[in-house]
Amino acid sequence: MPHPLSPPLSLPTPPPLSSNSHTSTPAMSSVAFGGASITSRLLPSSSARTSLSHSSSSLKSLGSAPLISHLFLNPKPRSLPHARTRQYSPAAAPKCQASDPEQLRLAREDIKELLKTTFSHPILVRLGWHDAGTYNKNIEEWPQRGGANGSLRFEIELKHAANAGLVNALKLVQPIKDKYPGVSYADLFQLASATAVEEAGGPKIPIKYGRVDVSAPEQCPEEGRLPDAGPPSPADHLRQVFYRMGLNDKEIVALSGAHTLGRSRPDRSGWGKPETKYTKDGPGAPGGQSWTAQWLKFDNSYFKDIKEKRDEDLLVLPTDAAIFEDPAFKVYAEKYTEDQEAFFKDYAEAHAKLSNLGAKFDPPEGIVIDDGPSQPVPEKFVAAKYSTGKRELSDNMKQKIRAEYQAIGGSPDKPLQSNYFLNIIVVIGVLAILSSLFGN
């Protein structure tokens with residue numbers, strides 16, 4: 001049966017890609033939580049890994065890692081088609097805060113250029129989610145509580161089953177990190193994630209920066225904190241995982257909507273088809289099964305497609321189906337199906353909240369890099385908003401109004417009688433003035 005949505009986005013198709021190409025990144029399974037080995041599934045990390053920071057040797061060791069050797073792409077960083085060429089030396093890194101605001105702004109522009117050539121929106125969204133999604137609200141100490149602290153850059157956490165393929169995302173953003181050493185990994189991951197959503201047509205994410213990085217693989221969270229795609233009781237499982245992060249039902253459903261981006265590959269996750277009519281030609285490395293027809297466009301089509309389940313070429317995981325099967329989840333899923341504006345609003349708030357989970361900020365209030373505060377839009381005057389019709393008057397006020405009416409011979413219960421004598425005097429006066437003017 002034809003898919004109810006319009007045809008996939010007409011995006012430029014890059015040259016054929018080999019398995020070693022960076023552009024295979026967008027082909028990563030899912031973009032959000034909810035898939036064991038899927039890009040969307042989140043799992044924590046262990047407690048020992050080798051930093052990928054600036055060491056080519058560590059990158060090579062990743063390439064030979066059993067779980068990800070076939071996923072790790074060209075170990076030699078390629079140059080990015082950045083519009084800006086300004087370079088920073090390590091000495092430029094800030095000393096008094098986690099990230100430099102100017103470098104954050106420039107890194108954001110480089111990420112935008114990266115997205116134009118690699119179509120890596122899904123995997124970059126997932127990168128930020130998986131770094132933050134290990135947070136446990138029941139643990140107060142940092143970094144034991146997990147969350148957005150840059151720990152996902154270490155090999156031991158990258159090798160968690162839920163993070164399969166995310167080494168490709170790290171590979172994409174590492175050149176940007178090298179170019180702007182004054183940006184922490186934790187901030188870079190969240191910056192890439194939010195920018196990917198916005199550049200795919202999604203809402204503006206109100207994110208602050210200044211996240212402090214963990215310094216060693218021993219500070220990584222243990223594996224098992226992220227959700228699975230097909231647990232025995234999907235709704236209960238989602239609540240167990242997301243409630244631990246401090247998120248609620250509305251935020252769970254809103255964040256699920258990010259599956260409007262991305263694909264799942266059965267060889268990596270065990271879910272989905274090898275290819276469909278929507279993924280066989282890319283963009284990026286072809287193949288996999290997407291949740292939506294236009295899987296590089298951020299909108300509310302995920303909810304529409306999950307509800308209808310009419311297209312066998314579109315993926316529906318058990319955790320996806322749960323948002324329409326569980327009564328509490330369904331309230332929000334139905335709302336987002338009909339109202340994209342409401343979905344965008346709730347998603348932006350949930351994404352921003354997720355990006356802050358477990359983070360330690362320096363400075364404590366965070367850093368805002370948006371181009372100045374926008375001018376507030378003047379509120380449109382609506383008389384009814386200021387009318388007493390929406391609020392009952394107090395008895396004291398009623399008595400005062402009645403007294404004022406009665407003082408001039410009227411009543412608030414009926415209109416005043418016309419004073420005909422006064423009206424005649426006014427008319428005579430006007431005529432006298434007119435006759436005087438014409439007489440002169």
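Summary table below
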{"item": "Region 246-283, residues that are closer than 22 Å to PHE298 by Cβ, touching a Gly at 6+ places or on another chain (Cβ under 9 Å) and not basic (Lys, Arg)", "result": "SER256, ALA258, HIS259, THR260, LEU261, GLY262, SER264, SER269, TRP271, GLY272, THR276, THR279"}
{"item": "GLU325, sole failed condition from (1) at pLDDT below 95; (2) surrounded by fewer than 17 Cβ atoms within 10 Å (Cβ to Cβ); (3) under 20 Å from PRO234 (Cβ atoms)", "result": "(1)"}
{"item": "Failed item, numbered, when LYS273 is tested on (1) basic (Lys, Arg); (2) within 23 Å of the chain's Cα centre (by Cα); (3) open to solvent by 10 Å² or more (accessible area, probe 1.4 Å)", "result": "(2)"}
{"item": "Count of residues meeting criterion [touching a Leu at 6+ places or on another chain (Cβ under 9 Å) and open to solvent by less than 20 Å² (accessible area, probe 1.4 Å)] in region 193-209", "result": "8"}
{"item": "Residue that is surrounded by the most Cβ atoms within 10 Å (Cβ to Cβ), among those in region 210-234 that are modelled with pLDDT of 95 or more and of a type in the set (A, V, I, L, M)", "result": "VAL214"}
{"item": "Flag if LEU71 is at pLDDT 50 or above and aliphatic (A, V, I, L, M)", "result": "no"}
{"item": "Scope region 331-365; condition over 13 Å from SER256 (Cα atoms), aliphatic (A, V, I, L, M) and assigned by the TED database to the domain that holds TYR302; matching residues", "result": "VAL331, ALA342"}
{"item": "Checklist (1) among the small types (Gly, Ala, Ser); (2) open to solvent by 10 Å² or more (accessible area, probe 1.4 Å); (3) under 21 Å from GLU141 (Cα atoms) applied to ALA186, failing item", "result": "(2)"}
{"item": "Number of the exception - ARG263 against (1) under 18 Å from LEU166 (Cα atoms); (2) of a type outside the set (A, V, I, L, M); (3) modelled with pLDDT of 95 or more", "result": "(3)"}
{"item": "Residues located in region 312-338, provided they are in contact with a helix residue (DSSP H, G or I) (Cβ under 9 Å, 6 or more places away or on another chain) and part of a loop (DSSP other than H, G, I, E, B)", "result": "LEU314, LEU315, VAL316, LEU317, ASP326"}
{"item": "Every pair of residues 6+ apart whose Cβ atoms lie under 9 Å, when the first sits in region 293-313 and is at pLDDT below 90 while the second is among the aliphatic types (A, V, I, L, M)", "result": "LYS309/VAL316; LYS309/ALA321; ARG310/MET1"}
{"item": "All positions within region 124-138 that are open to solvent by less than 50 Å² (accessible area, probe 1.4 Å) and either part of a loop (DSSP other than H, G, I, E, B) or under 17 Å from PHE361 (Cα atoms) (or both)", "result": "GLY128, ASP131, ALA132, GLY133, THR134, TYR135, ASN136"}
{"item": "Matching option when the condition is assigned to a helix (DSSP H, G or I) and in contact (Cβ under 8 Å) with a residue 24 or more places away in the chain, among ALA98, ALA196", "result": "ALA196"}
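Conditions (1) surrounded by fewer than 21 Cβ atoms within 10 Å (Cβ to Cβ); (2) closer than 30 Å to VAL183 by Cβ; (3) free of Cβ contacts under 8 Å to residues at least 60 places away in the same chain, marked per residue:
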residue	(1), (2), (3)
PHE329	no, no, no
GLU334	yes, no, yes
ASP339	yes, no, yes
LEU357	no, yes, no
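Condition check ((1) touching a Ser or Thr at 6+ places or on another chain (Cβ under 7 Å); (2) at pLDDT below 85; (3) open to solvent by 100 Å² or more (accessible area, probe 1.4 Å)) across all residues:
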| site | (1), (2), (3) |
| --- | --- |
| ASP346 | no, no, no |
| GLU365 | no, no, yes |
| SER387 | no, yes, no |
| LEU393 | no, yes, no |
| ASN396 | no, yes, no |
| GLN399 | no, yes, yes |
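The values are calculated or read from the model by the stated rules, or taken from the named source; none is laboratory data. This is a predicted model, so every value here is computed, not measured. Reconstructed Cβ throughout: ideal geometry from the backbone, glycine too, with neighbour counts over all protein chains shown. In case anyone asks, the SASA skips ligands and DNA or RNA and just uses the protein heavy atoms, side chains included. Shrake-Rupley method; radii C 1.70, N 1.55, O 1.52, S 1.80 Å.
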